[in-house]
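Working notes, beginning with the structure itself.
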Amino acid sequence: GENVEQHPSTLSVQEGDSAVIKCTYSDSASNYFPWYKQELGKRPQLIIDIRSNVGEKKDQRIAVTLNKTAKHFSLHITETQPEDSAVYFCAASGTEDSSYKLIFGSGTRLLVRP
Amino acid sequence: SQTIHQWPATLVQPVGSPLSLECTVEGTSNPNLYWYRQAAGRGLQLLFYSVGIGQISSEVPQNLSASRPQDRQFILSSKKLLLSDSGFYLCAWSVGALGNQPQHFGDGTRLSIL
């Protein structure tokens with residue numbers, strides 16, 4: 001089955017700097033890759049997603065890139081702000097059946113220092 | 001628009017007591033439904049998923065069970081809780097039968113076992 005590894009586990013950046021979080025997946029048939037942001041004690045919220053037919057997607061300060069050959073995808077946050085501080089999870093779709101299960105990475109705790 | 005409701009928000013239960021957590025989705029039909037557990041400071045572990053009424057798939061062996069008595073209702077149960085059942089329980093939904101779609105999470109139930 002699918003396995004997703006996420007790095008780093010913690011990331012501390014200065015306000016205004018960029019942050020990059022990387023994930024690798026094992027199932028070459030996976031074709032959907034969402035990213036979630038989870039603030040302390042809250043539910044995970046979808047911030048951006050990408051499908052395997054594109055290599056990059058941007059939404060304001062957030063971008064995601066996908067390299068299908070290498071089976072890795074990354075989240076890029078530019079001009080970071082203190083409110084970007086949270087735990088970020090990547091995920092990849094399971095393609096074994098019609099459930100479209102998501103397999104999540106272990107999370108990255110991002111701290112943006114003012 | 002679609003909404004997802006989970007209750008209760010917090011729950012404190014003694015070891016060996018039963019459990020029933022409920023999740024309902026509004027504004028959509030035949031959704032895929034999911035139960036996740038998140039231990040403190042950890043990632044998301046998929047427990048159960050359902051692609052239709054009465055159809056439940058279990059991801060990990062445990063003393064929990066799930067049921068889907070109605071199209072938009074998903075229930076997580078246990079006959080006898082263990083200390084290890086403590087955690088943050090999240091229900092999620094996605095559009096069914098349309099390929100990979102984003103999963104949207106409820107606000108979660110924080111379960112403490114004493």
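With respect to (1) within 13 Å of chain B (Cβ to nearest Cβ); (2) under 13 Å from the mean Cα position of the chain (by Cα); (3) more than 21 Å from B:TYR36 (Cβ to Cβ), the lone exception for A:THR10 is condition (2). Residue-level check: of (1) at pLDDT 95 or above; (2) open to solvent by less than 70 Å² (accessible area, probe 1.4 Å); (3) over 14 Å from B:TYR89 (Cβ atoms), B:PRO18 misses just (2).
State all residues of segment B:24-41 that are within 15 Å of B:SER86 (Cβ to Cβ) and either under 12 Å from the mean Cα position of the chain (by Cα) or open to solvent by less than 10 Å² (accessible area, probe 1.4 Å) (or both); if no residue qualifies, say none. B:TYR36, B:ARG37, B:GLN38, listed by residue number. Tell me, please, whether a residue that is more than 9 Å from chain A (Cβ to nearest Cβ), modelled with pLDDT of 95 or more, over 15 Å from the mean Cα position of the chain (by Cα) and open to solvent by less than 60 Å² (accessible area, probe 1.4 Å) can be found in segment B:101-112. Checked segment B:101-112: at least one residue is more than 9 Å from chain A (Cβ to nearest Cβ), modelled with pLDDT of 95 or more, over 15 Å from the mean Cα position of the chain (by Cα) and open to solvent by less than 60 Å² (accessible area, probe 1.4 Å).
Please work out which residue is surrounded by the most Cβ atoms within 10 Å (Cβ to Cβ), limiting yourself to segment A:28-54 and to residues that are within 12 Å of A:GLY107 (Cβ to Cβ) and at the interface with chain B (Cβ under 9 Å from one of its Cβ atoms).
Looking at residues that are within 12 Å of A:GLY107 (Cβ to Cβ) and at the interface with chain B (Cβ under 9 Å from one of its Cβ atoms), I get A:PRO44.
Scanning segment B:74-100 for residues that are open to solvent by less than 30 Å² (accessible area, probe 1.4 Å) and among the polar types (S, T, N, Q) yields B:SER78, B:SER94, B:ASN100. Among the residues making up segment A:60-83, those that are assigned to a loop (DSSP other than H, G, I, E, B) and within 24 Å of A:SER26 (Cβ to Cβ) are A:LYS68, A:THR69, A:ALA70, A:LYS71. Condition test on A:LEU75, is it surrounded by 14 or more Cβ atoms within 10 Å (Cβ to Cβ), under 23 Å from B:TYR89 (Cα atoms) and aliphatic (A, V, I, L, M)? In short, no.
Residue by residue, here is whether (1) assigned to a loop (DSSP other than H, G, I, E, B); (2) touching a helix residue (DSSP H, G or I) at 6+ places or on another chain (Cβ under 8 Å); (3) at pLDDT below 95 holds:
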{"residue": "A:GLY16", "(1), (2), (3)": "yes, no, no"}
{"residue": "A:LEU46", "(1), (2), (3)": "no, no, no"}
{"residue": "A:ALA92", "(1), (2), (3)": "no, no, yes"}
{"residue": "A:SER99", "(1), (2), (3)": "yes, no, yes"}
{"residue": "A:ARG109", "(1), (2), (3)": "no, no, no"}
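Regarding A:SER85, is this residue modelled with pLDDT of 95 or more, out of contact with any helix residue (DSSP H, G or I) (no Cβ under 8 Å at 6 or more places or on another chain), open to solvent by 10 Å² or more (accessible area, probe 1.4 Å) and small (Gly, Ala, Ser)? Spelling it out, A:SER85 is indeed modelled with pLDDT of 95 or more, out of contact with any helix residue (DSSP H, G or I) (no Cβ under 8 Å at 6 or more places or on another chain), open to solvent by 10 Å² or more (accessible area, probe 1.4 Å) and small (Gly, Ala, Ser).
Return the only residue of A:LYS57, A:LYS37 being modelled with pLDDT under 95, assigned to a strand (DSSP E or B), closer than 28 Å to B:GLY106 by Cβ and not small (Gly, Ala, Ser).
Details: A:LYS37 fails: modelled with pLDDT under 95.
Residue meeting the stated conditions: A:LYS57.
Within segment A:1-59, the residues that satisfy the criterion of being within 29 Å of B:TYR89 (Cα to Cα) and among the charged types (D, E, K, R) are A:GLU2, A:GLU5, A:LYS22, A:ASP27, A:LYS37, A:GLU39, A:LYS42, A:ARG43, A:ASP49, A:ARG51.
Could you tell me whether B:ASP71 is of a type in the set (Asp, Glu) and open to solvent by less than 50 Å² (accessible area, probe 1.4 Å)? Before the answer, list the steps.
Details: of a type in the set (Asp, Glu): yes; open to solvent by less than 50 Å² (accessible area, probe 1.4 Å): yes.
So B:ASP71 fits the description; yes.
The values are calculated or read from the model by the stated rules, or taken from the named source; none is laboratory data. Since the structure is predicted, the reported quantities are computational estimates derived from the model, not experimental observations. Note: ideal-geometry Cβ built from the backbone for every residue, glycine included; neighbour counts use all protein chains shown. In case anyone asks, the SASA skips ligands and DNA or RNA and just uses the protein heavy atoms, side chains included. Shrake-Rupley method; radii C 1.70, N 1.55, O 1.52, S 1.80 Å.
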